[in-house]
Structure formats: C-alpha cells, structure tokens
1. May I ask you to say which residue of A:Ala52, A:Ala74, A:Ala60 is under 29 Å from B:Glu94 (Cβ atoms), of a type in the set (A, V, I, L, M, F, W, C) and more than 10 Å from chain B (Cβ to nearest Cβ)?
2. Restricting attention to segment B:81-90, does a residue exist that is in contact with a Lys or Arg (Cβ under 7 Å, 6 or more places away or on another chain) and over 23 Å from B:Leu214 (Cα atoms)?
3. Restricting to segment A:32-50, name every residue that is open to solvent by less than 10 Å² (accessible area, probe 1.4 Å) and either over 24 Å from A:Leu97 (Cα atoms) or part of a helix (DSSP H, G or I) (or both).
4. Out of the residues in segment A:266-302 meeting the condition of being within 7 Å of another protein chain (Cβ to nearest Cβ) and among the small types (Gly, Ala, Ser), tell me which one is surrounded by the most Cβ atoms within 10 Å (Cβ to Cβ).
5. State whether the residues of segment B:300-322 include one that is at pLDDT 95 or above, in a helix (DSSP H, G or I) and in contact with a Phe, Trp or Tyr (Cβ under 8 Å, 6 or more places away or on another chain).
6. Quick one: B:Gly237 ticks every box in (1) touching a residue at least 40 places away in the same chain (Cβ under 8 Å); (2) surrounded by 14 or more Cβ atoms within 10 Å (Cβ to Cβ) except a single one, so which number is it?
7. What do you reckon, is B:Pro23 away from chain A (no Cβ under 14 Å), within 30 Å of B:Gly100 (Cβ to Cβ), in contact (Cβ under 8 Å) with a residue 60 or more places away in the chain and within 21 Å of the chain's Cα centre (by Cα)?
Amino acid sequence: MSPFVEVVLTIITASTPLLLAGVGELVTERSGVLNLGVEGMMVMGAVAGFGAAFVTGSPAIGVIAAILAGTMMAAIFAFLTLKLVSNQVATGLALTLLGLGLSGLIGDNFVGQPGVKLARLAIPGLSDLPIVGPIVFGEDPLVYLSIALTIIVSHVLFSTRAGLVIRAVGDSHASAHALGVSVVQVRTLSVLFGGACAGLAGGYLSLAYTPQWIENMTAGRGWIALALVVFASWRPMRVMVGAYLFGAVGVLGFVAQAVGLGVPAQFLSSLPYIVTVLALVVISKSTRARGSQAPACLGQPFVPDR
Amino acid sequence: MTDLRIDLIKRPEQSKVMAVASPLIAVGLTLVTGLIIFAALGVPPLKGLWVYFIEPLTNAWSLEKLAIKASPLIMIAAGLAVSYRANVWNIGAEGQLTIGALFGSAIPVLFNSWQSPLTIVSMLILGIIGGALWGLIPALLKVKTGANEILTSLMLVYVAQLLLDWLVRGPWRDPHGHNFPMSVAFTDWQKLPVFGTTDIHYGVVLAVLAALALGVLMTKTLTGFEVRVMGTAPRAGAFAGFSPQRMVIFAFLLSGGLAGLAGICEIAGPGEILQPVISPGYGFTAIIVAFLGRLNPVGVIVAGLALAVSYLGGEEAHSAFGISDKAARVFQGLLLFYILACDTLILYRIDISWRRATAQAGGAE
C-alpha cells in the first residue's frame, strides 16, 4: 500500500470518532442541552467496547456494548439535568470525571491485553483497486456508518417534523411547551442519542483506531468533539468537514514526526489541542459579528409549570 | 400500568437547611454506594469503608499526609469557588498548576547554586505568575473573541502537560540523572520549609490563609459583591457599572494564580523534583472540592480535607486489599453527582408519586 493511501486511511480512522461524538453532541445541543460529559461517555464506551469484545471475541458485541455504555452514562446525565434540573455545566464535568475514574477501575485488568480489531471491508474486486479501492471500499463498517449517520441527522433535523420539534425545543422551550411538546421527553431522547454516539465513538477508539485498552485513551477527543460542534455552527455536514480537518491535523503531526522534521514529539502531539483553541477563536470571532448560531435555549434549565 | 412521577415544586425561598444538609446527604450516599462497590470488588464492605474513609484519620502520621494532600486541593478550589460564583468556568486548573510548577522550578533548574530565603520566595511568586499567565490565555480569548472558556482552558491542560513532558525529557533533564526524565533534585532553600519534625510544609498554611482571605474577599469587600452580582444577575451588574470582561480576567488570574501556587508548592514541598507527571489530577478534583464546599472559600477547607481522605484511603485500600487505586476517582466522581442531585433540594421540593398512567398523561408509559 502506498504511503499516501496509508496516510489517508489513518486520517479517516482518526476522524471517525470525532465525527461520531460530534454529531451526537450536536443533536443533544440542538435540543437545548449542553452535555460537557462527552469525554466521560466516550471513555466508558471505549472500555465497555474493548471489554465486551475481549471477553466474547466478537467486535460486533463490543460495538453494541460501547453504545450501551455511552447511553447509560447519558441517562444519568439526563436524569440529573432534566428531572432534577441540576446545573448542566457542573453535571457534565461530573460525568467526565466519573467516566474517567470508572473506566480506569473497570479497565484495570484489560491493560496490556490484546484487543479485537474491527475488520475492514473487503469487497472482491473493488477493494483491490489502486488507491480508490482501500479508501472508498476498504474502510471498516463504522466509517460508513458515521458518514451515513451524519447525512441522516442532517436530513432529520432540517427536513422532518421530528427535527423541527427538536430545534423548537432547543430554540424556545417555553413556546414548544405551550404547543404541547414534552420538552423533557424530547431532550431526554436527544441526550440519550448523544450518549449512544459518544459511546460508539469510544468503542471505535478501542476496537478500530488502536485495538487495545489504555487508561484515558480518549485523550481529550470528547472535548475536541464539543469544540467541533461550536466550530460547525451546529450544522451536521460542517461537523463532518471539521472532524476530517481535526483528524488530519493530528495525523499530519505523526507524519511529520516519522519524516523527521526535528520538531519535538510533544509539540506535534499538542497540535490538535492548539488547533482546537485556534479554531474556536476564529469561529467565535466571526459569529460575534454575525450573531450567535447556538440554539437559543442551550444550557438553560426547564421546569414545566403545571 | 403505573408510572413513577417525580415533580419539582419550587420552594418559596431557598432552603437554608438543605444548603447545609445537601453535601452531607451526598457524602452519605457516596458511602452507601461505596459499600456496593466494595462488595462488587469482593472486599468485605464495612471493612472496606473503614480502611478507606476512617483509617486515614486514626494516626498522627496519616493526619500529616492528609494535610499535605488537602493543601493543593484547598488552594485551587478556593480560587475556583470564586470563579464559578462569578459564572466564569475555569476547568483548566490542572494546566495552570503545571505551568506554575514549571515557572517556579525554573530557578532551581537554571540557577542551581542560588541558596537564600529569597530563593523559595521567588519560586513561589514565579509559580503564581506562571499559573496566572496560563489562566490569562483563555480569559483574554473569551474577552477578545468570545471563545468558550470551558473548552479553551481544558485544551490548554493538555498543552501544558506536553510542555512539561518535553522540558523534563529534554532541556531540563538532569545531566547526571542516568537519562531518567527528571530535573535536578531541589535542595535546602529551593524547598518549602517544614514544621519541626513533621512533613507539614508551609504550603499547607498558605492554602488555609488563601482560603480565609478569599472568604473575607467574598463577604466583606466590593469585589466579592461584584463577583456575586455578576454570577447571579449579570444584567443588574452591568447597570451597576460592573464589567463582565474585567470579571472574566479577574476570575482567571485569581484561580490560575492559586493553581500555579499549588503547583510550585507541590514540587517544592513533597515532590522535590520535576517529573513528567506532577499531580494526581488535583486540578480536576478541586472542581469537586469547590462544589462540595458550596462554592464558599471557607467551606472549601473542609471539603478539601474530605477529598484528601479519598486519595489517602485509595492508597490504603490498595495496599490492604489490592483494590485498584483508581477506585478513589470513582468515589470522587460519584460524590460530585450526588452533591449536584442533592442541591436540587435547596430550590425545589420533590414530589414523588406512583400514579396511574392515563391517556392524558401525555405519552408517559
């Protein structure tokens, strides 16, 4: 395989978890809920995915376990912020801290164990084509899923009634409530969807990106996904563009290292974080001029009056 | 079909009783959950709780360790409490701690022969400056461009840790250190003095003083009033002529500076050497400390001691039962959840009822 194809494949693999987590969080935020616990849900997905695949030998079961773990974490968050109306920022932080701790405890016995890798697609004939073959027809199934998911989310949000309801709840929960929409129910489902996606993103890390368990292996990707949603002005297709850009930055750092640019490895490793900050700065500056694109009720508590 | 309904009924005013009781209930719930976790890990639950939460308090030696562990938590959380009160979300204290440690360590690393009482004083001051400067970055970005301070301050944690990693493996590595990623060891006036024969260093005093001073600031000064107004009613604050921009800068300089001080105290105190990893997540645990202490700098002292117990208990349980020391972080995370859940009781009465689901119940099933 040519180095070019290798690099493109690595970029796609590095970007997919960002895309999955970003699209999930986008739906959550579109419904007006800010869940800062993406990192925690993601790392739980990673440990659950690895563990389930390690025990059963089936990466498919690993994927399902990862989704379930993320959803369960999101359920805790939904109960606290939507039923008990706790502070969303603080609760999201709590979710991240708990997820990092709990995954470390659960994964203690998995450290150093060989992982189960999610197989890449192999379509006879097509996957063997030069360049196009491995890139277009030879990815693992979750890459296709992440792209399909983004398109579906984009369609549902902007072209269906369900999407209209989600956006209405996120932009004006009082009006949505007055129209008979159950704000809490819509938000709960949106939060759970975000959790499922974050869990899947974590599972992708431990099943496809680096098939092993390392403590804190999400390494801030959950936070980068959060930044991605802001960067994308809450639009799914832009999340996809952003995810691939961010993924590319991380991979190019490693490429530069391999080529031997003489730049310290730590500097290259810090690039994704620095680029995230810069991206936030650029996008915030431009939205300041145009007005915020964020859902109007983002982060605001809602208690239905009866 | 019946349906569990939880309804929140707003209290006419905030419950003073619940404001005090909520953290206590939260601690209680964490302990009960601890029983379940110990049972799941195959440890006799009550013995587990004893080793974890009581034994660290039973002898003089471990009480010393408790004070040493609590001091960075108190120092950082006191600053965070003020920041969160102002509705400024600095969650990058871990990074500010790291840069504070780096700045302070520059003296022993670069001017190794300088030994005078002024050495440690300048180290501490540099620590504060380093932390404050690192905190200033997200603050300025927020003020100048509107970039979300939660995300930028958090991203800078990773950058700070990688910077430290590079320094101790590269330019700042001890040339006689057999290639270990470590700086030179700090000696004499490059370390914080200790009390008598104990291990308790002056950083512990600084932590308590800082918390008390911020307690006075919050209750007795105009700045404290400004913080509270900007946190609860920013529009009213704007009419009063308070500047939200200045508040963001102030909150970050204060909390960043204290985190930086905690960082250099950790290195000049128990650490005595700069290594790739210098903190077991004090900057993040301090977030929990701030909430457990009711975002009140004085309450933070008690909360810091409580969280320090979980660190020590983690070590004890590790050696007694072989439980992973990661259990401590699970307890810490759970505690924050329970606090946040219990805090609902301050503003709301909770009405739990089982009732029949009817068609009108609006899709409840």
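The values are calculated or read from the model by the stated rules, or taken from the named source; none is laboratory data. A quick note: this is a predicted structure, and the numbers were derived from the prediction, not measured. Neighbour counts are summed over all protein chains in view; Cβ atoms, including those assigned to glycine, are modelled from backbone coordinates with ideal geometry. What goes into the accessible areas is simple: the full protein's heavy atoms, side chains included, and nothing from ligands, DNA or RNA. Shrake-Rupley method; radii C 1.70, N 1.55, O 1.52, S 1.80 Å.
1. A:Ala74
2. No: zero hits.
3. If the condition is that a residue be open to solvent by less than 10 Å² (accessible area, probe 1.4 Å) and either over 24 Å from A:Leu97 (Cα atoms) or part of a helix (DSSP H, G or I) (or both), then A:Val38, A:Glu39, A:Gly40, A:Met41, A:Met42, A:Val43, A:Gly45, A:Ala46, A:Val47, A:Gly49, A:Phe50 are the ones that fit.
4. Filtering segment A:266-302 for residues that are within 7 Å of another protein chain (Cβ to nearest Cβ) and among the small types (Gly, Ala, Ser), the one surrounded by the most Cβ atoms within 10 Å (Cβ to Cβ) comes out as A:Ser270.
5. Checking segment B:300-322: not a single residue is at pLDDT 95 or above, in a helix (DSSP H, G or I) and in contact with a Phe, Trp or Tyr (Cβ under 8 Å, 6 or more places away or on another chain).
6. (1)
7. No; evaluated as a whole, the condition is false for this residue.
This table checks each residue for (1) of a type in the set (Val, Ile, Thr); (2) within 12 Å of the chain's Cα centre (by Cα); (3) within 14 Å of another protein chain (Cβ to nearest Cβ).
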| position | (1), (2), (3) |
| --- | --- |
| B:Val51 | yes, no, no |
| B:Leu66 | no, no, no |
| B:Lys69 | no, yes, no |
| B:Pro72 | no, yes, no |
| B:Gly79 | no, yes, no |
| B:Asn90 | no, yes, yes |
| B:Glu94 | no, yes, yes |
